[in-house]
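For reference, the structure discussed in these notes is given below.
The values are calculated or read from the model by the stated rules, or taken from the named source; none is laboratory data. Just so it is clear, the model here is predicted, and its values are computed rather than measured. All Cβ positions, even for glycine, are placed from backbone atoms using ideal geometry, and neighbour counts span all protein chains on display.
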Amino acid sequence: MTKQTKILGGVLAGVALGAAVAMILSSDKNSDMKNKINDWFCDLFDKSKDKLASVADMVKERSSQMKA
């Protein structure tokens, strides 16, 4: 695992933990706050998948350059 992957994994784990704690401690009894947090977390997850895909592409490109 590269340093970038470890950092990104740690950030995602921290975000997931923070979102879970926020939902548990939420004083808002309505599901509105929970839906907002859920939407935000899903958006963050989608962005991280895109970032990981770009990192994977970069690794593939560099490995092909080293083989050539």
Within segment 3-18, restricting attention to residues that are in contact (Cβ under 8 Å) with a residue 12 or more places away in the chain and under 12 Å from Val55 (Cα atoms), which residue is nearest to the chain's Cα centre (by Cα)? Leu8
Pick from segment 23-68 the residues that are modelled with pLDDT of 80 or more and of a type in the set (Lys, Arg): which of them is farthest from the chain's Cα centre (by Cα)? Arg62
